[in-house]
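> Sharing a structure, written as structure tokens. Questions coming.
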Amino acid sequence: MSKLRVAVLGAKGRIGSEAVRAVEAAEDLELVAALGRGDKLETLVEAGAQVVVELTTPDAVMDNLDFCLRHGIHGVVGTTGWTDERLAQLRTWLDAAPGAGVLIAPNFSIGAVLTMRFAQQAARFFESAEIIELHHPNKADAPSGTAARTAQLIAEARAEAGCPPQPDATRTALDGARGADVDGVPVHSVRLRGLLAHQEVLLGGVGETLTIRHDSLHHSSFMPGILLGVRRVVDTPGLTVGLENFLDLG
Ligand SMILES: NC(=O)C1=CN([C@@H]2O[C@H](COP(=O)(O)OP(=O)(O)OC[C@H]3O[C@@H](n4cnc5c(N)ncnc54)[C@H](OP(=O)(O)O)[C@@H]3O)[C@@H](O)[C@H]2O)C=CC1
Ligand SMILES: O=C(O)C1=N[C@H](C(=O)O)C[C@H](O)C1
């Protein structure tokens, strides 16, 4: 069987360099290009890439995906910074590229995906929900894409169940003291040397709390999810948001 031809964008970055090694080590995949800032995207076409793993920056990701979809190349995207407007734009590009698929994964680690699912399931049973995400201090964006997505999922679950707004008697607060408001869920971002990627979802009800915590201790935690995404996206046309769609979570 022929190997799937894979390229990595952001290949010199923290996660991109790990992804290069993971693709090289996978027997069913062939790394055909590893591009960094300033490298020509035409190389992807010349190399015959079928799937691009996009691990760059929110500033670069849209142009890169526009190019890929115009050339019928599938995308597996870990880069953060997704808004409703960006997703809508991506959908229009996908409409013009029949057969092409893009996976956007706020987090490729299985534990983080499960954290999101558990938080979504638990959200309607608790009055209060807040998120603390903790990352290395070189991270460019806050809150993390994972925390933003977790907050959205919690908010959707609470809205579906008819939950009222969270209790919060705060009347005066320093700017930022109550975190960022993502769909009514406060998200607090910590940036600390020594950390990689961590998240706590705090849920509170009368007389009890539930804390769901996940820790990525090394970039290797993201690799099985990236490889799964590469193998599945070629048979999944259109836009898929969340690696959970490629896991049999029930
Ligand atoms: N979904 C997930 O599971 C994960 C997602 N991420 C996300 O992935 C992204 C990258 O994270 P991280 O590796 O830590 O960041 P880094 O800054 O270490 O890596 C980004 C790399 O992309 C390069 N780059 C910038 N612009 C382009 C371009 N136009 N074409 C090709 N390469 C480019 C940068 O080059 P230069 O240094 O010259 O700017 C850099 O080498 C972030 O958005 C992060 O949040 C990270 C980990 C897991
Ligand atoms: O920048 C990172 O490191 C990470 N980014 C992603 C995010 O913003 O959620 C995924 C993970 O948290 C690591």
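> Given points 7 Å out from each Cα along the Cα-Cβ axis, report the Ala161 to Leu195 separation in nanometres with one decimal.
Each label point is offset 7 Å from its Cα along the Cβ direction, giving 2.6 nm.
> Given the C-alpha centroids of the range 35-94 and the range 100-114, what is the distance between them in whole angstrom?
Distance between centres, Cα-based: 16 Å.
> In addition: Excluding residues on the same chain fewer than 8 positions from Lys3, give the aspartates and glutamates whose Cα lies under 12 Å from its Cα.
Partners within reach: Glu24, Glu27, Asp28, Glu30.
> Here's something else I'd like to know. On the accessible surface of the chain, probed at 1.4 Å, how many percent belong to carbon and sulfur atoms? Before the final figure, lay out each step's value.
On the way: 6430 of 12560 Å².
That fraction is 51 percent.
> Once you have all Cα-Cα distances for the chain, histogram them in 10 Å bins from zero and send the whole-percent values.
Result returned by the calculation: 7, 30, 34, 20, 8, 2, 0.
> Further question: By its C-alpha gyration tensor, with a ≥ b ≥ c as the square roots of the eigenvalues, how is the range 149-195 shaped: rounded for a/c under 1.5, else prolate for a/b larger than b/c, else oblate? Display every interim value, and only then the final one.
Values: a/c = 3.60, a/b = 1.35, b/c = 2.67.
Judged from the Cα gyration tensor, the range 149-195 comes out oblate (a/c at least 1.5, b/c at or above a/b).
> Moving on. Which distance in nm do the two modelled labels at Glu85 and Met1 give, with both placed 7 Å along the Cα-to-Cβ direction?
4.3
> Additional query: Tell me, what is the per residue accessible area of the range 109-216 in Å², probe radius 1.4 Å? Provide the component values of the computation, followed by the final result.
Working: 5700 Å² over 108 residues.
With the other protein chains kept in place, the range 109-216 gives 53 Å² per residue.
> Please give the peptides 116-122, 191-197 ranked by average Cβ packing (other Cβ atoms within 10 Å per residue), highest first, as a rough proxy for protection.
Details: 116-122: 19.0, 191-197: 13.0.
Order by mean packing, descending: 116-122, 191-197.
> Can I ask one more? Sort 223-232, 132-141, 237-246 by the packing proxy (mean of other Cβ within 10 Å over each peptide's residues), most packed first. Please list the in-between numbers first.
Numbers: 223-232: 20.8, 132-141: 15.8, 237-246: 17.5.
Highest mean packing first, the order is 223-232, 237-246, 132-141.
> Roughly speaking, what is the stretch gain from Asp168 to Arg70, that is 0.36 nm per residue apart minus the C-alpha to C-alpha distance, in nm to one decimal? Mind showing how you got there, number by number?
Values: separation 98, 0.36 × 98 = 35.28 nm, distance 4.80 nm.
So the extension gain works out to 30.5 nm.
> Sticking with this one: Restricting to DSSP H runs of at least four residues, report the calculated mean residue ellipticity at 222 nm for the chain, -39500 (n - 2.57) per run over all residues, nearest 500 deg cm²/dmol.
So the helix-based figure for the chain works out to -9500 deg cm²/dmol.
> Binned at 5 Å from 0, what are the whole-percent values of the Cα-Cα distance distribution for the range 109-216, short to long?
Taking every Cα pair in the range 109-216, the percentages come to 2, 13, 24, 24, 20, 11, 5, 1, 0.
> Further question on the same structure: Contact order normalised by length for the range 195-250, with contacts defined as Cα pairs under 8 Å and 6 or more residues apart; what percent is it?
Working: 34 pairs, mean separation 14.1, N = 56.
Relative contact order for the range 195-250 comes out at 25 percent.
The values are calculated or read from the model by the stated rules, or taken from the named source; none is laboratory data. None of these values were measured; they are calculated from a predicted model. Every residue, glycine as well, gets a Cβ built from its backbone with ideal geometry; the counts of neighbours run over all protein chains shown. We work out accessible area using only protein heavy atoms, side chains counted, and drop any ligands, DNA or RNA first. Shrake-Rupley method; radii C 1.70, N 1.55, O 1.52, S 1.80 Å.
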